[in-house]
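The values are calculated or read from the model by the stated rules, or taken from the named source; none is laboratory data. Please read these numbers as outputs of a predicted model, since none were measured by experiment. Reconstructed Cβ throughout: ideal geometry from the backbone, glycine too, with neighbour counts over all protein chains shown. Heavy atoms of the whole protein, side chains included, go into the accessibility calculation; ligands, DNA and RNA do not. Shrake-Rupley method; radii C 1.70, N 1.55, O 1.52, S 1.80 Å.
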Amino acid sequence: MKTRKIGAALTVALAALAYAGAPAAADGHVQRSDGSARVTFYSTGEKLKVCDGRKDGHSAVARLYRSDTGKTYSVWRRAGVGCSTFNYSMPEGTNVKYRACLGNWNNKTYWGCSVRVDDEA
């Protein structure tokens, strides 16, 4: 009787350990504290979603760094309130860093960015 209980407990413990060790998708998001700009990165398919959350005349901007190119890109949502999704092709394991900013599309300036999030494709 005791052997059966120990065996069942061991099976549950090993299953939990296997689940915890499984690779997780590196999807993440960040937004400005006022909710005016939000950025979500999807590691599967390497997609970046930029959302403008306020009707304030400004654009939402994602500042995206890619380790495979060594460059930082400005990704703009300039169509007003709502979201735009951009599809990238990145090698598996590429480190990405991004933040959500508010910006002016006309003169390509941005300000008031969120904290930076480090992620992986």
#### Entry: Whichever residue in segment 11-32 is more than 27 Å from P91 (Cβ to Cβ) and at pLDDT 95 or above and, among such residues, is least open to solvent (accessible area, probe 1.4 Å)
R32
### Task
Scan segment 97-114 for residues that are under 13 Å from T40 (Cα atoms) and not in a strand (DSSP E or B) and jot them down.
S114
### Query
Which condition number in (1) surrounded by fewer than 19 Cβ atoms within 10 Å (Cβ to Cβ); (2) basic (K, R); (3) at pLDDT 95 or above is the one that K5 fails?
(3)
